[in-house]
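Note sheet for the following structure.
Bear in mind these aren't lab numbers, they're just calculated from the coordinates by the rules spelled out. Everything quoted here is computed from the prediction, not taken from an experiment. Cβ atoms come from the backbone with ideal geometry, glycine included; neighbour counts cover every protein chain shown.
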Amino acid sequence: MSDASSTNEPQAPQGSGPVTPEPVVGGAPYGAASTAEGVNVQWSATSFATPQPRNRTQAVVRSVVAGLMVAAAIAGQVAGAGFPSNAPVEMFMNFGVTVALVLGAIALVVFAVLAATAPGVPVRPEKVGPLAIIGVLMTAIPSVIWLLTVPITLVDNATTGATLRFMYLSGPAFWLGFAWVTGMVFGAISLRRPNALTRVLGSAAVVLGLLLATSVVWAAAIYSAGLTE
């Protein structure tokens, strides 16, 4: 009869510490350590990575922003229902902003589905998301142009008694429509990062885009009411 020393299990050399397995790529144990009770505690290669984002939360956030974009598009069309029939330019401008908003909403719905079904990707919390920076720039530039042109137009028309024109009030939002709508999409997507500054920039991109959409709805409403030309 053989004793315990004759078993087939590998024995550690006398005087040496616990045997550490070689690292294995692909999610297998990356290393091991022995506790006082002799239980091996293993860790994986991704143990120190940032926890994956909550995909369901991101899907809801993107869906909500998409819903707001669709609501703004519908409001613009409702407000523009009273456009005179001899105003094809104004109709085209109002419709162009609506198309941009709908396309942006469709893109966000696609990203929402991906967030809900695809596995999350670890991100670095200390890094500011590039999409947030690009998104806030793409919405801030049209917003600045709007602030530099529309208020001046309002003051000029108030002092001279001239009638406001829809194309002047909605011009910045129309000509740069696809830019600021894309910025809204980038801002909503960037909210997946845990970095605080990234979330602030992403939220600012979404808010600025909604304000630009609201400006078009306002311009369409007062034009339909006959207050502008």
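The table that follows gives values for the structure above.
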quantity	calculated
Burial ranking of peptide ranges 79-92, 129-142 (average Cβ count within 10 Å, highest at the top)	129-142, 79-92
Cut-off 12 Å, label 7 Å out along Cα→Cβ of Arg165, residues of the stretch 211-229 by amide N	229
Per-peptide average of other Cβ atoms within 10 Å, ordering 214-223, 176-185, 152-161 highest first	176-185, 214-223, 152-161
Cβ-defined net charge surrounding Thr228, 11 Å radius [Lys, Arg +1; Asp, Glu -1]	-1
